[in-house]
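The values are calculated or read from the model by the stated rules, or taken from the named source; none is laboratory data. Just so you know, these numbers come straight off a predicted model, no measurement behind them. Cβ placement follows ideal geometry from the backbone for every residue including glycine, while neighbour counts extend to all protein chains displayed. Ligands, DNA and RNA are stripped out before the accessible areas are found, and what is left, the full protein with its side chains, is counted by its heavy atoms. Shrake-Rupley method; radii C 1.70, N 1.55, O 1.52, S 1.80 Å.
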Amino acid sequence: ELTQRLVEMARTMDVVRDGDRSARVGDLHRQDELGRLARHFDGLLGTIEAQDARQREVQQSLADEASRRRALFEHERDGVVILDENGRVLEANPKFAAMVGYAPDELKGTHFMRWEARHTIEQLRQMRRDVGPEGLFFETEHRRRDGSLYTAEVSMSVAHWGGRDFVFLLFRDITERKQVEAELDHYRRSLEQQVAE
């Protein structure tokens, strides 16, 4: 009888090891050490099953949050780029990739100076050092893959995570807005000249 009960416990352990966390030894109808061992073993299996269920819930919650953030990142109307501490692209959303004429995967690992056309690397490093908690806003020019230029409005912020610094950049193509502003300025000056005459 003892051997049969031990074989049943070993069989239950094999089933659990194979992935069935719901397997149990069951009540051996014994009040001795073997019966207590079976009850403790079933209690331990119940605890493991409950922990697995909680872990699956947490993993699902994390996966849902990651999917939500990925959707926001990919559908953002502005260009979004995350740089590492060396100025290399960790992530770039499809909007920014389209702005500079690349596929998002082509930008990974490239240095931001590939598209920066107005500022020197030293000027941008100084801006990065000057970024406060409220971020930094400035205008620049970007060079597209085909060599053409466009004017970009930039919002820069820095985050410290996992012992590393990351630079978050939001870009907006404001070429049309600058053209409209230039035309309005031309009309304003022309009107002032006509009034003066």
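Computed quantities for the displayed model
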item	result
Overall dimensions of the chain by Cα: Rg and Dmax, Å	31.3, 117
Estimated FRET transfer efficiency when R0 is 25 angstrom, pair residue 134-residue 86 (beta carbons, to 0.05)	0.50
Sorted largest first, extent of region 119-170 alpha carbons per principal axis (Å)	37, 20, 19
Sulfur and carbon atoms: percent of accessible area, region 1-58 [1.4 Å]	53 percent
Contour minus Cα-Cα distance for residue 125 and residue 63 (0.36 nm per residue)	18.8 nm
Two-site FRET efficiency, residue 187 against residue 153, from Cβ-Cβ distance with R₀ of 22 Å, rounded to 0.05	0.45
Under Karplus coefficients 6.51, -1.76 and 1.60, residue-wise ³J(HN,Hα) of region 89-106 in Hz, glycine/proline x	6, 8, 9, 9, 7, x, 4, 5, 4, 5, 4, 9, x, 10, 7, x, 5, 5
Accessible area, probe 1.4 Å, largest first, for residues 150, 187, 102	187, 102, 150
Rounded FRET efficiency, nearest 0.05, which uses the C-beta distance separating residue 160 from residue 39 and R0 of 30 Å	0.05
Along principal axes, Cα extents of region 94-197, largest first, whole Å	65, 33, 22
Separation between Cα centres of region 36-56 and region 88-129, rounded to whole Å	51 Å
Residue 117 paired with residue 180, simple spin-label distance in nm, labels 7 Å along Cα-to-beta-carbon	2.2 nm
